[in-house]
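I have placed the structure first, in the form of structure tokens, so that the comments after it can refer back to it.
Values quoted throughout were computed directly from the atomic coordinates according to the rules given, and no laboratory measurement underlies them. A quick note: this is a predicted structure, and the numbers were derived from the prediction, not measured. FYI the Cβ positions are ideal-geometry reconstructions off the backbone, even for glycines, and counts take in every protein chain you see.
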Amino acid sequence: MTSLPLPAHHPALSAADPELAALVGAEERLQADTLRLIPSENYVSRAVLEASGTVLQNKYSEGYAGRRYYEGQQNIDQVELLAVRRAKALFGVDHANVQPYSGSPANLAVHLAFAQPGDTVMGMALPMGGHLTHGWGVSATGTWFRGVQYGVRRDTGLVDFDEVRELALKERPKILFCGGTALPRTIDFAAFAEIAREAGAVLVADVAHIAGLIAGGAHPSPVPHADVVSTTTHKTLRGPRGAMLMCREEHARAVDKAVFPGLQGGPHNQTTAAIAVALREAAQPSFRDYAHQVVANARALAEELLARGFDLVSGGTDNHLILMDLTPKDVPGKVAAKALDRAGIVVNYNTVPYDPRKPFDPSGIRIGTPSLTSRGLGTQAMAAVADWIDRGVTAARTGDEAALAVIRAEVAELMSAHPAPGIPT
Ligand code: DSN
């Protein structure tokens, strides 16, 4: 039995399973006390958390609203239709499917909808900033399909559209993915769309990282350009862990069929409800302010890091994300990430383009500003954040645990002044 304190705001859980309740409480404290810089994470509101924990999870509802394989859908149909309606309005799309369990199943569903096993699919290489599910070799999308991959230029860290066009015209993929997980710059959806048209490919914009920025008007929308938009709902969009596929009407049937019955069974209705809540939140004027502040904070943080001699891939950022190559600092990414974690700063180690090191021990770290912005930190706080990272990376190199402990105390003090959304104090 753990000796961790029980969270008083989870009375039923604490009474029924104190061991688990204590771990939940500990995670709440960890998320409250630390500076969370992983760019794909965020803090959801209490309303989103409550919707995720409702009795909607007790219900099976395979199928779609009005066409279910189970009875008793009077409320579930309304929940799903509400989420769909809000997604369509927020992103300006013809069709939205809110049932994918998460981003990877959503992208696999796209493969089922538009390609046959063995067909060629094209996406950005994982070590260049792409995603596993865009045809990378170790993923089902790269073993059941024939993945071909583009990258970024070594000198600029940016996509070379001449290279993408040349590859697409040579390989003629059925699907062309744009987007990824470590892309600090604006995605030129129009340029990708032109190449996809020339090559006869379906263009899928995977905007999982930037969906909230798009909803808030802080990043251009893929909607006029892409055939399909794939996104998770839990990153900058600040919803529950889930995903959506959005598309033009002409692709609606193929997408729906691929999600169910092609890939999944019953949708997670409690998640659908929480997605609906998050979409309502994202349609408020305050969310536009949030999205623009995320970008302003990332830009300010990038400037502060550059001023401290950090090497940023592509020289900076246009969005919420910064990718740093720590080679000039003489510290491997993993060593730095683990030291920063001990200092209360949570990042992830990451490959950088053309990384000579291995993915499990790469040269870089990846950081972002969605979570700290959700806690109300503004550009004026970014000098302190950069300073902590700088001191933390130096301490990682010299093995100075005392310096990490000092940073941890300073971080906790700042965080205590900025309560975390969704976490009772
Ligand atoms: N795992 C997500 C990320 O951290 O970017 C992508 O799937």
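Quick one: work out the % antiparallel among DSSP beta bridges in the chain, nearest 5.
Roughly 60 percent of the DSSP beta bridges within the chain come out antiparallel.
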*For the peptides 12-23, 142-153, what is the packing order when you average, over each peptide's residues, the other Cβ atoms within 10 Å and list the highest mean first?*
142-153, 12-23
*Would you mind counting up the charge near VAL313? Only other residues with Cβ under 13 Å from its Cβ, with Lys and Arg at +1 and Asp and Glu at -1.*
-1
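Over all directions, average the projected area of the Cα convex hull of region 1-99 and note it in nm². If you can, show how the numbers build up before the last one.
Working: hull surface 37.4 nm².
Hull-based average projected area comes out at 9.4 nm².
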*Expressed as a fraction of 2.2 N^0.38 Å, the rule-of-thumb size for a compact globular protein of N residues, what is the C-alpha radius of gyration of region 141-201?*
1.11
*Cα convex hull of the chain - mean projected area over all directions, nm²*: 20.7 nm²
*Which of ALA89, SER139, GLY157 sits farthest toward the positive end of the charge dipole of region 74-158, with +1 on the Cβ of Lys and Arg and -1 on the Cβ of Asp and Glu?*
GLY157
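In whole Å, what three semi-axes, largest first, describe the equivalent ellipsoid of region 279-341 built from its Cα gyration tensor (square root of 5 times each eigenvalue)?
With the √(5λ) rule applied to region 279-341, the semi-axes are 29, 14, 9 Å.
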*asked:* If R₀ is 60 angstrom, what is the calculated FRET efficiency for the pair ALA383 and LEU13, using the beta carbon separation as r and rounding to 0.05?
replied: 0.90
*asked:* With +1 on the Cβ of every Lys and Arg and -1 on the Cβ of every Asp and Glu, and nothing else charged, how large is the dipole of the chain about its Cα centre, in debye rounded to the nearest 20?
replied: 440 debye
*State, in angstrom, two size descriptors of region 336-425 derived from its alpha carbons: Rg to one decimal place and Dmax to the nearest whole number.*
14.2, 44
*Could you please state, rounded to a whole Å, how far the C-alpha centre of region 47-68 is from the C-alpha centre of region 177-213?*
31 Å
*To the nearest µm²/s, what D does Stokes-Einstein give for region 86-182 at 25 °C and 0.890 mPa s, using the Kirkwood radius over alpha carbon pairs as Rh?*
173 µm²/s
*Taking only C-alpha pairs under 8 Å that are 6+ residues apart, what is the relative contact order of region 116-255 in percent?*
17 percent
*Which percent of Cα pairs goes in each bin when the distances of region 309-384 are cut into 5 angstrom slices starting at zero?*
3, 16, 24, 26, 19, 9, 3, 0
*Residue of ASP33, ASP94, ASP155 that the Gaussian network model of the chain assigns the largest fluctuation, springs spanning Cα pairs under 10 Å*: ASP155
*Student exercise, region 1-62 dipole from Lys, Arg, Asp, Glu Cβ charges, in Debye to nearest 20*: 140 debye
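By per-residue mean of other Cβ atoms within 10 Å, what is the highest-first order of 55-63, 328-336? Write down the numbers at each step before the final one.
Working: 55-63: 15.6, 328-336: 18.8.
Descending mean neighbour count gives 328-336, 55-63.
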*Take the alpha carbon gyration tensor of region 192-285, find the square roots of its eigenvalues, order them as a ≥ b ≥ c, and report rounded if a/c is under 1.5; if not, report prolate when a/b exceeds b/c, else oblate.*
oblate
*asked:* Debye calculation, C-alpha points only, no solvent: report log10 I(q)/I(0) for region 175-244 at q = 0.14, 0.25 Å⁻¹, in the same order as the q values.
replied: -0.39, -1.11
*region 20-170: radius of gyration and largest Cα-Cα distance (Dmax), Å*: 20.4, 59
*Please give the net charge around GLY266, taking every other residue with its beta carbon less than 11 angstrom from that of GLY266, where Lys and Arg add +1 and Asp and Glu add -1.*
+1
*Summarise the long-distance tail of P(r) for region 250-404 by giving the % of C-alpha pairs beyond 21 Å.*
56 percent
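Based on DSSP H assignment, which helices of the chain show an axial Cα extent of at least 30 Å together with a mean Kyte-Doolittle hydropathy greater than or equal to -1.0?
285-307
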*Grab every C-alpha pair in region 87-133, bin the distances at 5 angstrom width from 0 up to the longest one, and report whole percents.*
5, 16, 19, 22, 21, 13, 4, 0
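Going by average Cβ density within 10 Å per residue, which order do the peptides 361-374, 128-141, 71-84, 232-245 take, highest to lowest?
232-245, 361-374, 128-141, 71-84
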_What distance in nm separates the two pseudo spin-label positions at LYS170 and GLU198, each 7 Å out from Cα along the beta-carbon direction?_
1.4 nm
*Measuring from label point to label point, each 7 Å out along Cα→Cβ, what is the ALA405 to ASP361 span in nm?*
2.9 nm
*Report the paramagnetic label zone for ARG288: residues of region 200-223 whose backbone N is under 15 Å from a point 7 Å from Cα along the Cα-to-Cβ axis.*
213-221
